[in-house]
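Encoded as structure tokens, the structure appears first; notes follow it.
Just so it is clear, none of the values below were taken in a lab; they were calculated from the coordinates. What you see is a predicted model, and the numbers here were worked out from it, not measured in a lab. Glycine gets a Cβ as well: all are built from the backbone with ideal geometry, and neighbour counts include every protein chain shown.
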């Protein structure tokens, strides 16, 4: 049986209103735009293709990703919430994609090892889980891996400013794996950038 094709979707469309005037995805973190960290981590992982969903500040964010082998998708409905960007990203995946890593563009400490760890856990599980999520201190974090064959219809029905979290909280076939400081670290405000090493 052929291995499931796994892609990656980076959500980078939000306004980031709590961050202030500067577009959050373009904030400098360890010498580069925050969103570029997420993109480079995804490209260093096994996942292909890597889709980035743009919305607010689409032009500057796309420019910050220049030179990377990405599929850029604009979500005209980004102001309606995170669910619209997730649906737009999943809709852009090629036919036959069986699972997708979902990354948030404001989690610059995520590396390819986090992503490949989720993929390895998914492939090793029997039966296959509907999703793989990192957990630290009893809290689920990001990124996550979604089995699209199982969740496709439910994901299409998502609405509002929520991702797949509420959907997964109702399921018993989600595989939880150990998370770390990076899987719980996202940036909402400039002072949240913290140490950048």
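Which ordering of 119, 6 is given by a fewest-first count of other beta-carbon atoms within 10 Å?
Details: 119 20, 6 24.
Ordered by Cβ neighbours within 10 Å, fewest first: 119, 6.
Rounded to the nearest 5, what % of the DSSP beta bridges within the chain are antiparallel ones?
On the way: 10 of 32 bridges.
Roughly 30 percent of the DSSP beta bridges within the chain come out antiparallel.
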**Request:** As a check on your grasp of the helix formula, calculate [θ] at 222 nm for the chain: sum -39500 (n - 2.57) over DSSP H runs of n ≥ 4, divide by the residue count, round to the nearest 500.
**Result:** -7500 deg cm²/dmol
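Between residue 74 and residue 152, what length comes free when the chain is fully extended (0.36 nm per residue of separation minus the Cα-Cα distance, one decimal in nm)? Intermediate results must be reported in sequence, preceding the final value.
Numbers: separation 78, 0.36 × 78 = 28.08 nm, distance 2.05 nm.
The span from residue 74 to residue 152 would gain 26.0 nm if fully extended.
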**Max mean-square fluctuation residue, GNM over the chain, Cα-Cα springs under 10 Å, options 127, 108, 76** = 127
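Using Cα-Cα distances under 8 Å and only pairs 6 or more residues apart, what relative contact order does the stretch 5-191 have, in percent?
Numbers: 383 pairs, mean separation 49.2, N = 187.
Computed value for the stretch 5-191: 26 percent relative contact order.
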**Complete:** Assertion target for 34, 107, ordered by fewest C-beta neighbours within 10 angstrom first, is 107, 34
**Prompt:** Using just the C-alpha positions of the stretch 86-149 as equal point scatterers, what log10 of I(q)/I(0) does the Debye formula give at each q in 0.20, 0.28 1/Å?
**Reply:** -0.86, -1.36
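Restricting things to alpha carbons, find the Rg to Rh ratio for the stretch 5-191 using the Kirkwood radius for Rh. Could the numbers behind the result be given before it?
Numbers: Rg = 15.1 Å, Rh = 16.3 Å.
Result for the stretch 5-191 is an Rg/Rh of 0.93.
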**Ascending count of other beta-carbon atoms within 10 Å, so fewest first, for 161, 126** = 126, 161
**Message:** Rg/Rh for the stretch 48-116 to two decimals, with Rh computed the Kirkwood way over all alpha-carbon pairs.
**Reply:** 0.94
**At 1.002 mPa s and 20 °C, Stokes diffusion of the stretch 8-92 via Kirkwood alpha-carbon radius, µm² per second** = 168 µm²/s
